[in-house]
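Engineer: Just passing along the structure, written as structure tokens.
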Amino acid sequence: MHIEFLLEEASDEILLTTIIPKIVGSDITLRFHDFRGKQNLIQKLPIRLKGYKNLLQSNPNWKIVVLVDRDNEDCKVLKQKIEAIINDAGLTTHSISQNFQVLNRIAIEELEAWFFGDVEAIRSAYPKVSENLTRNRNYRNPDEIKGGTCEALERVLASKGYYAKGYMPKTEVARNISQFLNIDLNTSQSFQVFRDGIKLLIN
């Protein structure tokens with residue numbers, strides 16, 4: 001089986017390159033496409049998916065994953081928008097068929113929420129971060145962190161002397177933390193939904 005991933009940015013690719021083999025094993029081939037921004041991905045998605053249609057019909061073992069951040073958008077509206085683009089391209093999602101071709105998933109509110117879902121992974125990469133981070137009500141629920149999870153992670157790291165000048169290199173941070181993520185114990189619900197969707201996609 002082969003999976004094509006359509007992603008917002010390079011840090012997404014770095015994260016998924018590390019964790020997807022933990023979910024699907026090593027026998028599945030993967031290819032990642034960074035669209036350099038959410039709006040660019042959504043704008044180009046109709047043409048890209050229509051281009052995939054014949055390829056997927058002739059290669060039933062090929063699958064596609066579309067992953068975007070919710071940011072400040074309504075999750076249901078965003079999901080329905082992408083779902084409509086997929087359906088208009090003549091491809092199927094889980095809402096239409098059990099044997100679906102495209103997995104449509106949203107990280108709430110940003111992919112960094114998945115890091116907050118595994119504080120031990122953050123601490124393994126950045127040991128000065130407190131083990132009691134999850135006791136802070138601001139970080140207790142990874143998917144409900146206010147003001148942006150990327151900004152929240154930047155504040156947490158800067159408070160411990162990491163990237164203290166105010167610039168957090170997202171790709172470097174993704175590389176450092178992702179290698180330690182435990183896919184089975186992550187407390188982010190959006191990560192759990194993504195992980196379980198990948199398992200459904202390949203079965």
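Here's the yes/no breakdown for (1) more than 30 Å from Phe180 (Cβ to Cβ); (2) touching a helix residue (DSSP H, G or I) at 6+ places or on another chain (Cβ under 9 Å); (3) open to solvent by less than 10 Å² (accessible area, probe 1.4 Å); (4) modelled with pLDDT under 95:
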{"residue": "Leu16", "(1), (2), (3), (4)": "no, yes, yes, no"}
{"residue": "Gln57", "(1), (2), (3), (4)": "yes, no, no, yes"}
{"residue": "Asn61", "(1), (2), (3), (4)": "yes, no, no, yes"}
{"residue": "Thr93", "(1), (2), (3), (4)": "yes, yes, yes, yes"}
{"residue": "Ser97", "(1), (2), (3), (4)": "yes, no, no, yes"}
{"residue": "Leu103", "(1), (2), (3), (4)": "no, yes, yes, no"}
{"residue": "Ala113", "(1), (2), (3), (4)": "no, yes, yes, no"}
{"residue": "Phe116", "(1), (2), (3), (4)": "no, yes, yes, no"}
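Engineer: Another one. Is it the case that some residue within region 2-25 is out of contact with any Ser or Thr (no Cβ under 6 Å at 6 or more places or on another chain), touching a residue at least 24 places away in the same chain (Cβ under 8 Å) and among the small types (Gly, Ala, Ser)?
Structural biologist: Checked against the condition, which is being out of contact with any Ser or Thr (no Cβ under 6 Å at 6 or more places or on another chain), touching a residue at least 24 places away in the same chain (Cβ under 8 Å) and among the small types (Gly, Ala, Ser), region 2-25 yields no hits at all.
Engineer: Sort out which residues of region 53-71 are out of contact with any Gly (no Cβ under 9 Å at 6 or more places or on another chain) and within 21 Å of Ala152 (Cβ to Cβ), and write them in order of number.
Structural biologist: Those that are out of contact with any Gly (no Cβ under 9 Å at 6 or more places or on another chain) and within 21 Å of Ala152 (Cβ to Cβ): Leu67, Val68, Asp69, Arg70.
Engineer: Another question, if that's okay. Among the residues of region 159-203, count how many are more than 14 Å from the chain's Cα centre (by Cα), without any contact (Cβ under 8 Å) to a residue 24 or more places away in the chain, assigned to a helix (DSSP H, G or I) and closer than 23 Å to Asn72 by Cβ.
Structural biologist: Residues flagged as more than 14 Å from the chain's Cα centre (by Cα), without any contact (Cβ under 8 Å) to a residue 24 or more places away in the chain, assigned to a helix (DSSP H, G or I) and closer than 23 Å to Asn72 by Cβ within region 159-203 amount to 0.
The values are calculated or read from the model by the stated rules, or taken from the named source; none is laboratory data. Here the structure is a predicted model, which means the values were calculated and not measured. When we count neighbours, we look across all protein chains shown, and the Cβ atoms used for this are built from the backbone with ideal geometry, even at glycine. Note: areas computed on protein heavy atoms with side chains; ligands, DNA, RNA excluded. Shrake-Rupley method; radii C 1.70, N 1.55, O 1.52, S 1.80 Å.
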